[in-house]
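Enquirer: So that we are looking at the same thing, I have put the structure below in C-alpha cells.
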Amino acid sequence: MTAPAPGLRLDGEPRFAWRGVMLDVARRYRPIADLERFVDLLAAHRLNVLQLHLTDDQGWRFEVRAYPRLTEVGGRRSQTQLGHGPRSTLDGVPHEGWYTQHELRGLVRYAAARGIRIVPEIDVPGHAQAILAAYPEFGVGGADAVRERISEPWPRFGISDEVLNVEASTLEFIGTVFDELCDVFDSELIGLGGDEVRKDRWRADARTQELMAERGLANEEELQSWFLAQVADRVRGHGRRVVGWDEMLEGRDPAPDAVVASWRGPVGAELGARLGHDVVLCPDLWTYFDYRQSDREDEPIPVGTVLSLEDVGTFDPVPAGAPSGFADRVVGVQANVWCEHLDGRDRLDYAVFPRLGAFAEVAWNGGPVAPDDFAARLPEYLAWLDAQGVAYRPLDGPRPEQQRPGVPGVPRDRADRLAELARLTANL
C-alpha cells in the first residue's frame, strides 16, 4: 500500500468503503501519464476510487471499436469557451484527445496496483452532443435535422439541449458501447450518467411521443427512467451494476441495485436511501473542487459558491439529525472535479490541493476535521505537496502565475444555493 501523505490523519480502519474522486476528462483530455500521476496522489491520500467522466457534450474520450467515429469526430472540437457566464468568449484553440482501450486497460492495472479501482462513466441520454456530432442518426428529429443543428462537440459549456432518441436502434448502439466499456474496465460499478437531461426535444417530437405511448410511459421523466433501465439491464448482463447521478431517480426507479451518487445535497441522497439504494455522497457545497476557493478578486475564473479548505473540512456526511436508516445506506463519499476551466495540470493541482487533504480525512474518519488540529499538521502536508511538485493553492491566495486576470466568471452565493436545495428537498 502506498504510504499516506505526511501531515494527514489516516489511521486505523476507514469509515467509508467508497472514498473517491471523480475526474472530468471529457471537457479536458489529459494524457495517460497525467492520470497515472493523479492516481499516485490519490493513493497517498488513502482514496480508493477514481471515477472517470469519459463523455459529455464537449468530448468523447473512450475508444469504441464498433463505432470509431465516436473518437474520430467526438474526440475533437475546434475551440473552447474561455471563462464562465455571459461575458465568456471562445479561445480559438482546437482541443482533442481520446484513450485507446489498450491504454485504459493499462491504467486500470496501474491503479489496481495502488489500491484504486477505476469506475468509468458514459453519460446518457443527455450530455449527448459529442455522440450526435459523430452519429446524428441517434438524435431526435432524424439525422438531417441533427446535422443542421450541430457539426462537432460543443465548444461551449453548460447543458446542451441535445438528447438521444429512444428508438430500438439507439438502445442497441448504447448497449454495444457499454459492452465494450465492461470489457475494458473490471469495476463492479459502471457509470451511466443520467443527469441534467434536457427533455424539450422529446416533448416536441411526434415520434418520441408515439414511442412513449407504446411503452406506457406517462411523461418524459418516466421515459428517462425507462431509457436508463435498459442500460442498467445491459450492464447487469455483464455481472455489473450501475452508478448514476441522483437525477436518475426522477420518474420511475430505473434499477433497484443502482448506486446513487448524490450531488444535490440531501435531495438524491435521502430519496435514494429511502428507496433502498446504496448512496455515495458528493454534495456540491462541500465536494465540488472546481468551485472558487475564496471571494477574492484574484481567484482564477470564479464559479460556484466559495469552497475553502476550511469549508471542505466541515463536511459531515452522516450528521446526527440524518433520517433513520440513512447511515446504513451511505457507502461512501466523493469529491467531484469538473474541468471546464481546469485546462492544464497546474490548474488541476490548484483546484484539488490542498482541499483534497481535508476531504481525505473526512472520507477516512467519517466526519468533520478538528480545525485547530488540522491547521497544526498542515505545514507538514504542504511540504509534502511541494516535494511532489504539486502546484497547489497557497493558503494566502493564488500566486501571480495562478491568476487569470480578465477571464470572467460567475460566482454563486452559498445562501442562494442552500435555499435552492431546500426547495428541491421539499418536493421529494
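The values are calculated or read from the model by the stated rules, or taken from the named source; none is laboratory data. Predicted, not measured: the structure shown is a model, and the values here were computed from it. When we count neighbours, we look across all protein chains shown, and the Cβ atoms used for this are built from the backbone with ideal geometry, even at glycine. Side chains are part of the model used for accessible areas, which takes the heavy atoms of the whole protein and leaves out ligands, DNA and RNA. Shrake-Rupley method; radii C 1.70, N 1.55, O 1.52, S 1.80 Å.
Enquirer: Please tell me if Tyr110 is within 30 Å of Met1 (Cα to Cα), open to solvent by less than 20 Å² (accessible area, probe 1.4 Å) and of a type in the set (Phe, Trp, Tyr).
Expert: Numbers: within 30 Å of Met1 (Cα to Cα): yes; open to solvent by less than 20 Å² (accessible area, probe 1.4 Å): no; of a type in the set (Phe, Trp, Tyr): yes.
Criteria not met by Tyr110.
Enquirer: Sticking with this structure for a sec: Within the stretch 113-121, does at least one residue satisfy the condition of being among the charged types (D, E, K, R), surrounded by fewer than 24 Cβ atoms within 10 Å (Cβ to Cβ), in a strand (DSSP E or B) and modelled with pLDDT of 95 or more?
Expert: yes
Enquirer: Mind listing whichever residues of the stretch 354-400 are free of Cβ contacts under 8 Å to residues at least 40 places away in the same chain and of a type in the set (D, E, K, R)?
Expert: Asp372, Asp386, Asp396, Arg399
Enquirer: Do you know which residues across the stretch 213-260 are assigned to a loop (DSSP other than H, G, I, E, B) and in contact with a strand residue (DSSP E or B) (Cβ under 7 Å, 6 or more places away or on another chain)?
Expert: The answer is Arg240, Ala255, Asp257, Ala258.
Enquirer: Looking for something open to solvent by less than 10 Å² (accessible area, probe 1.4 Å) and touching a Lys or Arg at 6+ places or on another chain (Cβ under 7 Å) - is there at least one such residue anywhere in the stretch 204-223?
Expert: no
Enquirer: Among (1) out of contact with any helix residue (DSSP H, G or I) (no Cβ under 7 Å at 6 or more places or on another chain); (2) under 23 Å from Ala415 (Cβ atoms), which single condition is Trp263 missing?
Expert: Failed condition: (1).
Enquirer: Count, please, the residues in the stretch 274-306 that happen to be open to solvent by 10 Å² or more (accessible area, probe 1.4 Å), modelled with pLDDT of 95 or more and in a helix (DSSP H, G or I).
Expert: Residues meeting the conditions: 1.
Listed here are the residues, each with its yes/no results for (1) within 30 Å of Trp154 (Cα to Cα); (2) aromatic (Phe, Trp, Tyr); (3) open to solvent by 30 Å² or more (accessible area, probe 1.4 Å).
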residue: Asp328; (1), (2), (3): no, no, yes
residue: Asp343; (1), (2), (3): yes, no, yes
residue: Glu361; (1), (2), (3): no, no, no
residue: Gly367; (1), (2), (3): no, no, no
residue: Trp384; (1), (2), (3): no, yes, yes
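Enquirer: Looking only at residues that are of a type in the set (D, E, K, R) and open to solvent by less than 60 Å² (accessible area, probe 1.4 Å) in the stretch 405-420, which one is farthest from Arg347 (Cα to Cα)? Write out each step before concluding.
Expert: We begin by selecting, within the stretch 405-420, every residue of a type in the set (D, E, K, R); these are 412-414, 416-417, 420.
Now restrict to residues that are open to solvent by less than 60 Å² (accessible area, probe 1.4 Å): 417, 420.
Numbers: Arg417: 25, Glu420: 29 Å.
Going through the qualifying residues, I end up with Glu420.
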